[in-house]
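The values are calculated or read from the model by the stated rules, or taken from the named source; none is laboratory data. Source: prediction; values computed, not measured. Neighbour counts are summed over all protein chains in view; Cβ atoms, including those assigned to glycine, are modelled from backbone coordinates with ideal geometry.
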Amino acid sequence: MTSLPVKDFQNSVYSPFESLAAGDHEVLDEKTFKRMIVIERKRTERSKEPFVLMLLEAGNYQGSERDGSILDRIAAALQSSSRETDVIGWYKDQTTLGMMFTGLVVSDRDSIMSTILGRVKIMLRDELMIEQFNQVDISLHLFPDDWGHADSGSPSNPALYPDLLNPGKHRRSLLATKRMIDISVSALLLLLCSPLFLVIAVAIKLSSKGPVLFRQQRVGQYGRRFTFFKFRSMHTGNDHSIHKEYVTKLIASNVECEPSSGNNHHVYKLTNDTRITPVGKIIRRTSLDELPQLLNVLLGEMSLVGPRPAIPYELAAYQTWHRRRILEAKPGVTGLWQVMGRSRVRFDEMVRMDLRYATLWSPWLDFKILLLTPLAVIKGSGAH
């Protein structure tokens, strides 16, 4: 969200109020307008052309006039001055009006945002009385937003994702069921696996110096950071820039498959990594190093099934469409990628699998993936 001072309009920025046969637009209802936001996000992922979502609220004046609310008057004014490519509708029915400025050419983020804000304010001053104008709250939201590149780890801009952050009643019911399964199964597995936890902890302690658990900041759903747990499989004091450099190249499709030790497969992963301890090789090969993530599941930061949680430095290399893998589903201990492709597929294909899971998700799909996980672990294909 931004509220910037008005700057002079620059020729390099395509004005959202330059006429393209301006005319009356239909004011869309809330459901249709939010669906249009989803469509425009996907269009931006393909075209790379950003859009700006403007939201307007009118405070105490929103329903006080005999001839209709202040927002109705604002909607009429926007209709008469907007371009054919812009979209006007209710973001929240009769309380928050929305408008999308599409087809923008943005050379400078601040310039386009301040230009829109300035011209909208001029229009509203002509349309409203001063006390009414002072009650209008305007917020601007640019997509793609830059949450993935921020060091703060703040969540994604919720205004741009109403479909994901406010799911329908049926989906909320399914998500509640998923959470109940996560809690019960993770608690049971933690109890049953406690002797195994003890054996692995002793082996790690006896084989190398350092803590039993490896803790790392990961990015969960909507860009939220959390502390991720694994059994430590590497020597302490390692230089993580090796992995950072490899992952950046992997996301950009600039790496080749490497031979996987012990089988004829090739993987998109660092192999023969000298940072891994002897015990670490065993628990990685058998995926036993993943067991402490059951704690993350119990805490609600992860699910039993979902996409792998991202490392913060991965986000800087993500394309816009890659982000959806951590927006549309909570990260999981296992998932479609782990049982179908693992490290044997390119990064883009992994993302497509994650998105396929998010689209087709159901409790039954989770159950099938959980059933396939032990077989994937036994085969060990792509594990390092």
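Please tell me if Leu56 is in a strand (DSSP E or B), modelled with pLDDT of 85 or more, within 32 Å of the chain's Cα centre (by Cα) and in the same structural domain as Gln94 (by TED's automatic domain parsing). Write out each step before concluding.
Working: in a strand (DSSP E or B): yes; modelled with pLDDT of 85 or more: yes; within 32 Å of the chain's Cα centre (by Cα): yes; in the same structural domain as Gln94 (by TED's automatic domain parsing): yes.
Answer is yes for this residue.
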So Asp239 passes all but one of these: (1) within 21 Å of Val297 (Cα to Cα); (2) of a type in the set (D, E, K, R); (3) loosely packed, with under 14 Cβ neighbours inside 10 Å. Which condition number does it fail?
(1)
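Which of the following residues is assigned to a helix (DSSP H, G or I) and modelled with pLDDT of 95 or more: Ser173, Ser184?
On the way: Ser173 fails: modelled with pLDDT of 95 or more.
From the options Ser173, Ser184, the qualifying one is Ser184.
Quick one: would you say Ser111 is modelled with pLDDT under 85 and either surrounded by 14 or more Cβ atoms within 10 Å (Cβ to Cβ) or in contact with a Pro (Cβ under 8 Å, 6 or more places away or on another chain) (or both)? Walk me through how you get there before you give the answer.
Numbers: modelled with pLDDT under 85: yes; either surrounded by 14 or more Cβ atoms within 10 Å (Cβ to Cβ) or in contact with a Pro (Cβ under 8 Å, 6 or more places away or on another chain) (or both): yes.
Taking the combined requirement at face value, the residue satisfies it.
If you take the residues in the range 330-346 that are among the hydrophobic types (A, V, I, L, M, F, W, C) and surrounded by fewer than 22 Cβ atoms within 10 Å (Cβ to Cβ), which one is nearest to Thr248 (Cα to Cα)? Full working, then the answer.
Here is the first cut: in the range 330-346, the residues among the hydrophobic types (A, V, I, L, M, F, W, C) are 333, 336-337, 339-340, 345.
Now narrow it down to the ones that are surrounded by fewer than 22 Cβ atoms within 10 Å (Cβ to Cβ): 339-340, 345.
Details: Val339: 24, Met340: 23, Val345: 16 Å.
It comes out as Val345.
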Going residue by residue through the range 333-350, is there one that turns out to be part of a strand (DSSP E or B) and either of a type outside the set (Ser, Thr, Tyr) or touching a residue at least 12 places away in the same chain (Cβ under 8 Å) (or both)?
yes
Taking the range 271-329 only, how many residues are touching a His at 6+ places or on another chain (Cβ under 7 Å) and within 26 Å of Asp145 (Cα to Cα)?
2
Matching residues in the range 353-371 (farther than 19 Å from Arg324 by Cα and either out of contact with any Leu (no Cβ under 9 Å at 6 or more places or on another chain) or not in a helix (DSSP H, G or I) (or both)) number 4
So, of the residues in the range 120-160 that are assigned to a loop (DSSP other than H, G, I, E, B) and either modelled with pLDDT of 90 or more or touching a strand residue (DSSP E or B) at 6+ places or on another chain (Cβ under 7 Å) (or both), which turns out to be surrounded by the most Cβ atoms within 10 Å (Cβ to Cβ)?
Val136
